[in-house]
Amino acid sequence: MTAPSHPTLWQHPALRALCAQLAAALLVVLLLVISSSLLAYRPSQMAAGLLHGGLAALLGRRLGLPAWWLPINALFVPALLLLNGQQLPPNALLGAFVLLLLLNWNSFRERVPLYLSGQKTIAALDALLQPLPANFRYIDLGSGLAGSLYQLSRRYPQAQFVGVETAPLVFALAWIRCLLRPNCQIRYRNLWQQPLAGYDVVYCFLSPAPMPRLWAKARAEMQPNAVLISNSFAIPGVTPSEQIELHDWRASQLLIWRM
Ligand SMILES: C[S@@+](CC[C@H](N)C(=O)[O-])C[C@H]1O[C@@H](n2cnc3c(N)ncnc32)[C@H](O)[C@@H]1O
């Protein structure tokens, strides 16, 4: 099997969303010029913003963005217009942007935003870990705020838990959280640089984008009988050895591959 390559620039949804926003802005400006010169009609700023949102959402879909981008594209400019009227302190928007960036550092390059494993996932992981020898080794690739790692490390004090994370603020919070847990270590490390040999369980909750490349890495590095567990995201063309429905609001599943 050849290793899957990095996505091209155009495959990044954020770039296509930007194109949809810019194209919608051009269309709205054109429509505004036509309506004011031919019909002597000037819509309100918010009406133009809503028109822009509708066009951006449609264009985004035409450019192949998934359905969950619809509300983002539709509401982006109207939300900016609403905020503009609020007279926020000048640094508030910049601060919010930097905060989002530090939390979602991997959204653009890896196409993996921050969302967290829920309690049902943690309970299902717990059930999967019970039959293992007490000193098993477990790694969470992209460990987020380390919620599942922290809880599982308390439940299995003789096992070793490692998380790797590259979103700066997320890493810092997770690192502080696990500081007093001797069997739980959070590393500031890109998951692609993390060797997987020596781990009995490799857990990830990423997105569809990195799964083919992760499968190639897992096959090359994981030891026989170790398990790869993906929360919800499948590996195209590779049937899991086991699949567990979590019955949560996201309709999550644990997909499990035994090496
Ligand atoms: C969906 S969250 C899952 C968090 C945690 N594993 C959980 O289940 O609650 C994915 C995390 O992976 C991180 N991530 C994405 N790409 C990464 C990479 N190449 N190296 C390290 N972390 C990465 C993101 O910053 C994010 O915190």
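Bear in mind that the values in this text are calculations on the coordinates, not laboratory data. Note that the coordinates shown come from a computational prediction; the quantities given were computed from them, not determined experimentally. Note that each Cβ is placed from the backbone with ideal geometry, even for glycine, and that neighbours are counted across all protein chains shown.
Structure values in brief
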| item | result |
| --- | --- |
| Range of Cα positions in the range 135-259 per principal axis (Å), largest first | 41, 34, 27 |
| Where no second cysteine Cβ lies under 4.7 Å, the cysteines concerned in the chain | CYS19, CYS204 |
| Antiparallel bridges, percent of DSSP beta bridges restricted to the chain (to nearest 5) | 35 percent |
| Angstrom value of the Kirkwood radius, inverse mean 1/r, which spans all Cα pairs in the chain | 20.9 Å |
| Phi-based couplings in Hz for the range 166-179 (Karplus 6.51, -1.76, 1.60; Gly and Pro marked x) | 10, 7, x, 5, 4, 4, 4, 5, 5, 4, 5, 4, 9, 3 |
| Separation in nanometres of the label points that stand 7 Å from Cα toward Cβ, at ARG137 and ALA96 | 4.5 nm |
| Over the chain, relative contact order from alpha-carbon pairs under 8 Å, at least 6 apart, % | 14 percent |
| Net charge of Cβ neighbours under 14 Å - reference GLY142; Lys, Arg +1; Asp, Glu -1 | +3 |
| Under-5 Å amide H pairs with GLY163, H placed in peptide plane, nonlocal only | ASP140, GLN185, ILE186, ARG187 |
| Candidates LEU180, LEU169, LEU88, ranked by Gaussian network fluctuation over the chain, Cα under 10 Å, top entry | LEU88 |
| P(r) of the range 9-87 over all Cα-Cα pairs, binned every 5 Å from zero, in whole percent | 3, 17, 24, 21, 16, 11, 6, 2, 0 |
| Residue of ARG111, ARG42, ARG181 that the Gaussian network model of the chain assigns the largest fluctuation, springs spanning Cα pairs under 10 Å | ARG42 |
| Cα-based Rg / Dmax (Å) for the range 83-175 | 17.4, 60 |
